[in-house]
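Only the coordinates and a few stated rules stand behind these numbers; no lab work does. Computed from a predicted model, the values in this text were never measured in an experiment. FYI the Cβ positions are ideal-geometry reconstructions off the backbone, even for glycines, and counts take in every protein chain you see.
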Amino acid sequence: MERHIPTSLWIDYNNAPGPEKARRVRRHRAMQEERNVWAIRYNLDLLDAIQAGRRTGDDLSELITAIDNAHPKKRRSYEENAEGWCSLTEDWKPALTEVGIGEVVFDDVRVRVRPHLGLVDGNTRYATYLWFKDEPLTESAACSVLRLMQLEMPALLPGGKPLVIDVRRSRLMHLPRKRQWQDFDAWLAREAATYGEYWREAPVAA
């Protein structure tokens, strides 16, 4: 049976150190089977505020509103991400554009490739995924999404480029210009296969 993985779980899995990967997949499965809306929608209001800020040109005001309305358990995360985003957009003012959804199929795993934003900076358009977590984003985890976005760019944003932003650290992450993609794609396929194995081994919720 094929397993469908959203981008958020794929990047979270690839950001984990080796011994942690199985535990993260168990958590992913439990979250899905328990329909944990709190976890799934955790950053939705923050993302809405970022989009609104780019539309109005007033990132700070939109983010302050999101922070003020956030659940107390979310407030620190929202504050830190707001600080990182506002630092990033102090001198960088990308406009918004529409962005689509793609899917990369491995043997028994399908990764849904869904960027958070389409951004326009001069003549360059970016299909953009935002990393909001406290845990710093590794280069390999960022590349695991950047590469999938590159492969699916005709569906996401024709003529665009992939971009991942580690929001708290105001860090823009691009695909390396020189890389042996055949080897990297083989690594991605192995990671997908291992994810599927961990999922099948995870305990099923009662």
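Please compute the net charge surrounding Asp166, taking Lys and Arg as +1 and Asp and Glu as -1 over other residues with Cβ under 10 Å from its Cβ. All intermediate terms of the calculation are to be shown ahead of the outcome.
Details: positive: Lys133, Arg168, Arg169, Arg171; negative: Glu135.
Value of the local net charge: +3.
In straight Cα distance, which aspartates and glutamates are under 19 Å from Lys133, not counting same-chain residues fewer than 8 positions off?
Those aspartates and glutamates meeting the cut-off are Asp12, Glu20, Asp45, Asp48, Glu79, Glu80, Glu83, Asp166.
Which value in deg cm²/dmol, rounded to the nearest 500, describes the helix-derived mean residue ellipticity at 222 nm for the chain, given -39,500 (n - 2.57) per DSSP H run of n ≥ 4 and division by the residue count?
Values: 9 runs with 104 residues, N = 206.
Counting only the DSSP helices, I get -15500 deg cm²/dmol.
Averaging sequence separations of C-alpha pairs under 8 Å and six or more residues apart, then dividing by the length of the stretch 1-156, give the relative contact order as a whole percent.
On the way: 181 pairs, mean separation 42.8, N = 156.
Over the stretch 1-156, the number comes to 27 percent.
So what's the net charge close to Ile101: Lys and Arg +1, Asp and Glu -1, counting the other residues with Cβ under 13 Å from its Cβ?
Working: positive: Arg110, Arg112, Arg114; negative: Glu98, Glu103, Glu152.
With Lys, Arg at +1 and Asp, Glu at -1, the neighbours total 0.
Checking the table Lys74/Lys161; Lys73/Lys93; Lys21/Lys73; Lys73/Lys161 against a 28 Å threshold on Cα-Cα, which pairs fail?
Values: Lys74/Lys161 31 Å; Lys73/Lys93 30 Å; Lys21/Lys73 25 Å; Lys73/Lys161 35 Å.
Violating the 28 Å Cα-Cα cut-off are Lys74/Lys161; Lys73/Lys93; Lys73/Lys161.
Tell me, what HN-Hα J-couplings in whole Hz come from the Karplus equation 6.51 cos²θ - 1.76 cosθ + 1.60 at θ = phi - 60° for each residue of the stretch 179-191, using x for Gly and Pro?
8, 7, 5, 4, 5, 5, 5, 5, 5, 4, 4, 5, 5
What ranking do 90-99, 12-21 get when scored by the average of other Cβ atoms within 10 Å per residue, highest first? Mind showing how you got there, number by number?
Details: 90-99: 13.0, 12-21: 15.2.
Averaged packing, sorted descending, gives the order 12-21, 90-99.
May I ask for log10 I(q)/I(0) of the stretch 1-116 at q = 0.16, 0.21, 0.23 Å⁻¹, from a Debye sum over the Cα atoms as equal point scatterers with solvent left out?
Taken in order of the listed q values, log10 I(q)/I(0) reads -0.94, -1.22, -1.28.
Provide the per-residue ³J(HN,Hα) series for the stretch 193-201, in order, calculated from phi with Karplus coefficients 6.51, -1.76, 1.60 and θ = phi - 60°, each as a whole number of Hz, with x at glycine and proline positions.
My calculation for the stretch 193-201 gives 4, 5, 4, x, 5, 4, 5, 5, 7 Hz in order.
Rounded, prolate or oblate for the stretch 112-206? Axes are the square roots of the Cα gyration tensor eigenvalues, ordered a ≥ b ≥ c, and the cut-off for rounded is a/c under 1.5.
Values: a/c = 1.87, a/b = 1.52, b/c = 1.23.
Prolate, since a/c reaches 1.5 and a/b exceeds b/c.
Non-local amide H neighbours of His116 (under 5 Å, H modeled in plane, Pro and chain starts lacking H): which ones?
Distant-sequence amide H within range of His116: Thr128, Tyr129, Leu130.
So I have (1) -0.78, -1.03, -1.17; (2) -0.28, -0.75, -1.25; (3) -0.27, -0.69, -1.11, and one of them is log10 I(q)/I(0) by the Debye sum over Cα atoms at q = 0.08, 0.13, 0.17 Å⁻¹ calculated from this model. Which one is it?
Read-out taken from this structure: (2).
What does the charge add up to near Arg54, with Lys and Arg as +1, Asp and Glu as -1, over the other residues with Cβ less than 14 Å from its Cβ?
Details: positive: Arg55, Lys93, Arg125; negative: Asp48, Asp58, Asp59, Glu62, Glu90, Glu98, Asp121.
After counting each charged neighbour, the total is -4.
Pop out the ³J(HN,Hα) list for the stretch 69-80 in order, Karplus 6.51 cos²θ - 1.76 cosθ + 1.60 with θ = phi - 60°, rounded to Hz; leave Gly and Pro as x.
8, 6, 4, x, 6, 9, 4, 4, 4, 5, 5, 5
Considering the options Pro19, Cys143, Ser77, tell which one lies farthest towards the positive end of the dipole of the stretch 11-150, charges being +1 on Lys and Arg and -1 on Asp and Glu at the Cβ, about the Cα centre.
Pro19
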